[in-house]
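A short worksheet on the structure shown next.
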Amino acid sequence: MNLDISSDTSLIRASLPMRAGLLTLRDASLQDADAFAEYWNDSPASSLEILGVDTARLGDARQIRERFLRNMPSSEPLGQSTVIYSLYLNDMLIGYSNINRYDAQENYAHLHTYRKALRQAVGQARKHKQPEAA
């Protein structure tokens, strides 16, 4: 999905220039919901198992999409137990990050990429990383 996010900078939470382009973290929006639902609905069972997903609780595509919509940042995201942000590389939606809040001291963030090629590229980079010189 391509989107001109430069027209609404109020949605942008962080950005980082990279070799591949500008990586941007922004508030998730309605137009990002289908990619989220497809990611979870179309992922092979083996991938879900690796991630520790309880497939009995995952639900169908409609339920997954509704979960995304419920967790989009509200006007008071600090009051939400789960908040979803979208990741863009240049103007292409590449994934999402969610923050699960349990209390003031215990919070967990997750990062998921939608594009299989991007996930594979990250995995290959880890395999070929050279040890640092001492």
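Rule-based calculations on the coordinates, nothing more; no lab input. Keep in mind that what you see is a predicted model, and the values were worked out from it rather than measured. With ideal geometry, Cβ positions are generated from the backbone for all residues, glycine too; neighbour counts draw on all protein chains shown.
Overview of values
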{"item": "Kirkwood hydrodynamic radius (C-alpha pairs) into Stokes-Einstein, region 1-113, 25 °C and 0.890 mPa s, D in µm²/s", "result": "164"}
{"item": "In region 17-125, the chymotrypsin sites (Phe, Trp or Tyr not before Pro) that fall in loop regions by DSSP, at most 12 other Cβ within 10 Å", "result": "Y102"}
